[in-house]
Amino acid sequence: MKVWRTGAVAAAGLLALTAAVAAAPTGAAATAPQVNVTVNTSEGLGTIPATGYGLNSAVWDAQMNAPAVQGLLGQAGVGMLRYPGGSYGDIYNWQTNTAPGGYVAPGTDFDSFMGTVKTIGAQPILIANYGTGTPQEAADWVQYANVTKGYGDKYWEIGNENYGNGYYGSPWEADDHASKSPATYAQNVIQYSKAMKAVDPTIKVGAVLTLPGNWPDGAVAAGDSADWNRQVLSIAGSAVDFVIVHWYPNGSGAATALTEPAQLPGELAQLHSEIAEYGGPDASRLGVALTEVNASVDEDTQPDALFGADTYLTALEQGVFTVDWWDTHNGPQTISTAPDGATDYADLGVLSSGTCVGSVCEPAMNTPFPSYYAISMLSKLGRPGDQMVRAGTDQQLVAAHAVKQANGNLAVMLVNKDPANAYTVNLNYAGYTPSTATPTVYTYGDEATAITSAAQGTSAVQTLPPYSIQTVVLTPSGNPVSTLTAPGSPAISQVTGTQATVSWAASSGGTATRYEVYRQFGTTSELLAESTSTSATIDNLVPGTGYTLNVLATDQNGDLSPPSDPVTFTTGTPSASTCAVDYQVTSGWGNGYVAALTVTDTGPSPIDGWSLAFTFPGSGETLSSGWNANWSGSGQNVEATSLSWNANLAANGGNSASIGFVGNNDGAYPSPAAISLNGTVCTTTYSS
């Protein structure tokens with residue numbers, strides 16, 4: 001959520017992780033610690049969208065369309081610009097270029113903004129005013145933009161952070177509707193979508209959700225039967241084309257903030273599960289846009305840059321089609337000192353506003369902050385259409401991302417979150433053989449004022465400076481490369497506890513003699529099936545287990561195509577078992593939740609004394625307390641044993657035990673996929 005002129009206020013209740021910073025080496029003979037990075041180009045993570053590298057711009061920013069700013073954004077490779085600016089989206093009138101109750105700078109009208117968009121070669125994502133506007137006003141905007149002016153503006157959000165309208169107790173978002181419930185928002189989203197698409201049916205319309213594990217996710221207001229996400233998706237899911245989430249993790253200090261991008265895969269996976277469950281028919285078509293993000297810690301110094309580079313790639317690897325950093329300019333707030341000794345102005349902009357707090361002044365107007373260089377580094381790694389591939393590291397203070405570029409080069413981005421130590425990086429490859437040529441290495445060092453490039457190191461070993469972002473670009477060895485294209489995006493059907501069917505569109509560019517289905521297993525690919533057609537049935541899967549698959553084609557020479565986009569699914573629990581468990585999350589508050597379980601003996605023999613066991617899928621989930629059983633937890637493993645008065649479960653479903661627990665969550669909190677009773681995996685249902 002946002003203080004309009006001065007930036008982001010973190011969502012309440014998110015618990016912080018902590019990270020140990022490795023001690024600096026001592027003694028003259030000390031050497032840099034080692035880190036092993038493995039890249040597997042057979043494990044595809046999708047292609048970089050043209051809209052992937054995004055940024056927010058706001059109508060209160062008098063510099064937003066200045067030629068100097070246009071030049072900087074174009075140089076950084078910004079591919080999407082969001083307008084008119086966060087919470088201003090719910091008070092802004094595009095026709096008059098006014099925002100009653102807020103300040104609008106001269107020269108920030110819609111046409112001027114579109115001039116910047118066209119100048120830098122980006123696409124816009126526009127916030128239709130939900131809070132104080134109407135569907136007709138939004139439809140008129142589409143008419144002007146795409147019919148009158150011919151801009152072809154594709155992406156339209158309905159409102160900003162509309163759950164922040166006071167319905168859950170925290171009001172910061174304007175909302176003039178008599179009812180501020182999620183059901184009312186969803187019903188109005190349908191009306192907005194209808195009115196806007198009547199003008200231009202080619203546009204994409206998005207609805208506002210909240211990211212799992214972040215307030216007010218899980219909160220159920222009085223009189224409601226479900227939380228914001230479930231109600232909005234259930235009512236409006238079939239009327240929109242994408243969903244919108246924001247992320248301000250706001251960890252306590254730089255070390256914690258730099259661990260937080262690791263939360264995103266789980267949180268986005270849980271969001272995708274909610275979309276699949278509640279989004280209506282063909283919910284898989286709904287895209288995800290992360291239209292605001294910032295660490296909100298040491299914003300103008302190196303930690304925010306490290307967080308940003310890691311976050312952009314992490315989100316894009318999870319299928320998000322745009323990541324829009326907050327903000328172009330924002331203004332200083334409280335002065336502090338970052339871990340590397342740099343002055344932080346608490347300015348959430350990527351460019352300096354050139355203003356002061358007391359006697360402490362920012363650099364000159366439009367001076368880039370480190371977060372600007374983090375965005376600039378993204379285009380050194382990959383451009384739109386390039387394929388993201390799996391990279392892994394054995395050191396929590398070093399993040400790794402990799403991209404197979406269209407020209408055959410492989411780029412590996414390394415992010416060193418350690419302010420004290422350089423690392424010797426040992427690079428390993430699967431599915432790719434680099435040439436012996438010295439790699440080109442792009443480096444953004446701690447608090448540097450430019451990105452440097454040099455031919456240095458080898459394809460096997462690089463030195464990574466403290467608090468730096470480094471991209472190593474490797475050329476291929478010249479081994480034969482298949483002319484086949486990647487198979488089409490796989491689809492999963494007929495999923496049971498032990499089996500699933502995967503299908504895909506055929507490769508082109510030659511003759512595919514065989515298709516191979518691989519499981520992504522860390523950075524190791526596990527062959528699950530082969531087929532001469534465009535589908536395969538996979539057997540011997542483990543019940544209640546998540547799988548991520550790629551499909552690759554083999555040509556007549558035995559060479560493999562690039563991998564397909566990934567597809568993720570979870571096997572079910574046994575359809576026939578001697579026990580059944582109903583699992584229901586009944587409420588949540590961002591960093592905790594309540595779950596109720598009903599345990600039933602469906603077998604032919606009664607049970608006298610029972611033990612229920614499961615494992616939390618989310619690494620940030622832990623047991624807090626429970627009722628109607630003896631509850632114990634060890635890390636992600638949980639056990640509940642019967643009490644004297646509910647130990648007896650009658651055969652054939654004669655009775656049930658009702659138990660429950662309070663869980664803590666730091667980030668995602670997916671429900672356990674498999675629950676066992678006295679060692680037997682039960683048939684499990686998840687009540688809404």
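The set of residues from region 477-503 being within 12 Å of T537 (Cα to Cα) and assigned to a loop (DSSP other than H, G, I, E, B) comprises Q494, V495, T496, T498, Q499.
Tell me, yes or no, whether region 127-146 has at least one residue that is under 23 Å from G74 (Cα atoms), in the same structural domain as Q191 (by TED's automatic domain parsing) and assigned to a loop (DSSP other than H, G, I, E, B). Among the residues of region 127-146, not one is under 23 Å from G74 (Cα atoms), in the same structural domain as Q191 (by TED's automatic domain parsing) and assigned to a loop (DSSP other than H, G, I, E, B), which makes the answer no.
Name the one entry in G206, G237 that is assigned to a strand (DSSP E or B), of a type outside the set (A, V, I, L, M, F, W, C) and at pLDDT 95 or above.
Working: G237 fails: assigned to a strand (DSSP E or B).
Of G206, G237, the one residue that is assigned to a strand (DSSP E or B), of a type outside the set (A, V, I, L, M, F, W, C) and at pLDDT 95 or above is G206.
Going residue by residue through region 165-180, is there one that turns out to be assigned to a helix (DSSP H, G or I) and either in the same structural domain as Y92 (by TED's automatic domain parsing) or buried (at least 22 other Cβ atoms within 10 Å of the Cβ) (or both)? Write out each step before concluding.
Narrowing region 165-180 to residues assigned to a helix (DSSP H, G or I): none.
No, that holds for no residue.
Any chance region 598-607 includes a residue that's in contact with a Gly (Cβ under 6 Å, 6 or more places away or on another chain) and crowded, with 19+ Cβ neighbours inside 10 Å? There is at least one residue in region 598-607 that is in contact with a Gly (Cβ under 6 Å, 6 or more places away or on another chain) and crowded, with 19+ Cβ neighbours inside 10 Å. Taken as a whole, region 480-493 holds at least one residue that is more than 30 Å from N428 (Cα to Cα), free of Cβ contacts under 8 Å to residues at least 12 places away in the same chain and not aromatic (F, W, Y).
On the given criteria, is V581 farther than 30 Å from A422 by Cα and of a type in the set (A, V, I, L, M, F, W, C)? Steps first, please.
Numbers: farther than 30 Å from A422 by Cα: yes; of a type in the set (A, V, I, L, M, F, W, C): yes.
The answer is yes for V581.
Answer yes or no: is there a residue in region 153-161 that is on the phi > 0 side of the Ramachandran plot, in contact with a Gly (Cβ under 7 Å, 6 or more places away or on another chain) and touching a residue at least 12 places away in the same chain (Cβ under 8 Å). Yes, region 153-161 has at least one match. Within region 655-677, the set of residues being assigned to a loop (DSSP other than H, G, I, E, B) and surrounded by fewer than 17 Cβ atoms within 10 Å (Cβ to Cβ) comprises just one member, N655.
Checked against (1) more than 15 Å from V142 (Cα to Cα); (2) at pLDDT 95 or above, D200 meets all criteria but (1).
The rows are residues; the columns are (1) surrounded by fewer than 24 Cβ atoms within 10 Å (Cβ to Cβ); (2) among the aliphatic types (A, V, I, L, M); (3) more than 14 Å from the chain's Cα centre (by Cα).
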position: S252; (1), (2), (3): yes, no, yes
position: S273; (1), (2), (3): yes, no, no
position: P281; (1), (2), (3): yes, no, yes
position: A289; (1), (2), (3): no, yes, no
position: V297; (1), (2), (3): no, yes, yes
position: Q302; (1), (2), (3): no, no, yes
position: T328; (1), (2), (3): no, no, yes
position: Q333; (1), (2), (3): yes, no, yes
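Within region 613-654, being of a type in the set (A, V, I, L, M), buried (at least 16 other Cβ atoms within 10 Å of the Cβ) and farther than 24 Å from P265 by Cβ holds for A613, A629, A640, L649.
For the residues N188, N214, the requirement of being assigned to a helix (DSSP H, G or I) and in contact with a Phe, Trp or Tyr (Cβ under 9 Å, 6 or more places away or on another chain) singles out N188.
For region 237-249, does any single residue satisfy the condition of being touching a residue at least 40 places away in the same chain (Cβ under 8 Å), of a type outside the set (A, V, I, L, M), within 25 Å of Y155 (Cα to Cα) and surrounded by fewer than 19 Cβ atoms within 10 Å (Cβ to Cβ)? Yes, region 237-249 has at least one match. In region 521-560, of all residues being small (G, A, S), buried (at least 21 other Cβ atoms within 10 Å of the Cβ) and at pLDDT 95 or above, the one that is farthest from G408 (Cα to Cα) corresponds to A536. When I125 is tested against (1) surrounded by fewer than 22 Cβ atoms within 10 Å (Cβ to Cβ); (2) β-branched (V, I, T); (3) within 25 Å of the chain's Cα centre (by Cα), just one condition goes unmet, and that condition is (1).
Restricting attention to region 372-408, the residues being over 17 Å from G46 (Cα atoms) and either surrounded by fewer than 19 Cβ atoms within 10 Å (Cβ to Cβ) or of a type outside the set (K, R) (or both) number 13. Taking region 296-354 as the range and being outside any loop (DSSP other than H, G, I, E, B), hydrophobic (A, V, I, L, M, F, W, C) and out of contact with any His (no Cβ under 7 Å at 6 or more places or on another chain) as the test, the residues that pass are A305, L306, F307, A309, A315, L316, V323, W325.
Being at pLDDT below 95 and within 24 Å of the chain's Cα centre (by Cα) narrows it down to one of A76, A19, A29, A24, so name that one.
Criteria check complete, one pass: A19.
Quickly run through region 415-458 and pick out the residues that are among the aliphatic types (A, V, I, L, M), in a loop (DSSP other than H, G, I, E, B) and either in contact with a Leu (Cβ under 7 Å, 6 or more places away or on another chain) or buried (at least 20 other Cβ atoms within 10 Å of the Cβ) (or both). Give the steps one after another, and end with the answer.
In the first step, residues of region 415-458 are kept if they are among the aliphatic types (A, V, I, L, M); the result is 415, 420, 422, 425, 427, 430, 437, 441, 448, 450-451, 454-455.
Among the residues that remain, those that are also in a loop (DSSP other than H, G, I, E, B) are: 420, 422, 437, 448, 450-451.
Answer for region 415-458, where residues must be among the aliphatic types (A, V, I, L, M), in a loop (DSSP other than H, G, I, E, B) and either in contact with a Leu (Cβ under 7 Å, 6 or more places away or on another chain) or buried (at least 20 other Cβ atoms within 10 Å of the Cβ) (or both): just A422.
Each residue in region 636-649 was checked for being in a strand (DSSP E or B) and not acidic (D, E), and 6 of them qualify.
Within region 188-208, the set of residues being in contact (Cβ under 8 Å) with a residue 60 or more places away in the chain, surrounded by fewer than 23 Cβ atoms within 10 Å (Cβ to Cβ) and either touching a helix residue (DSSP H, G or I) at 6+ places or on another chain (Cβ under 9 Å) or not assigned by TED's automatic domain parsing to the domain that holds N129 (or both) comprises A195, V199, I203. Figure legend. Inter-residue proximity from region 65-92: first residues closer than 20 Å to Y53 by Cβ, second residues surrounded by 24 or more Cβ atoms within 10 Å (Cβ to Cβ) and at pLDDT below 95, beta-carbon distance below 9 Å, spacing 6+ or different chains. Indicated pairs: G85/K2; G86/K2. In region 209-230, of all residues being under 23 Å from the mean Cα position of the chain (by Cα) and either of a type in the set (G, A, S) or at positive phi (or both), the one that is surrounded by the most Cβ atoms within 10 Å (Cβ to Cβ) corresponds to G213.
Remark: pairs (first residue in region 114-141, more than 19 Å from G159 (Cα to Cα); second residue buried (at least 22 other Cβ atoms within 10 Å of the Cβ) and among the small types (G, A, S); Cβ separation under 7 Å; 6+ apart in sequence or on different chains) = A122/G79.
Quick one: which residue in T301, T343, T314 is within 22 Å of I469 (Cα to Cα), touching a Leu at 6+ places or on another chain (Cβ under 6 Å) and among the hydroxyl-bearing types (S, T, Y)?
On inspection, the qualifying residue turns out to be T314.
The values are calculated or read from the model by the stated rules, or taken from the named source; none is laboratory data. This structure is a prediction, so every number in the text was calculated from the model and none was measured. Glycine also receives a Cβ, built like all others from the backbone with ideal geometry; neighbour counts cover every protein chain displayed.
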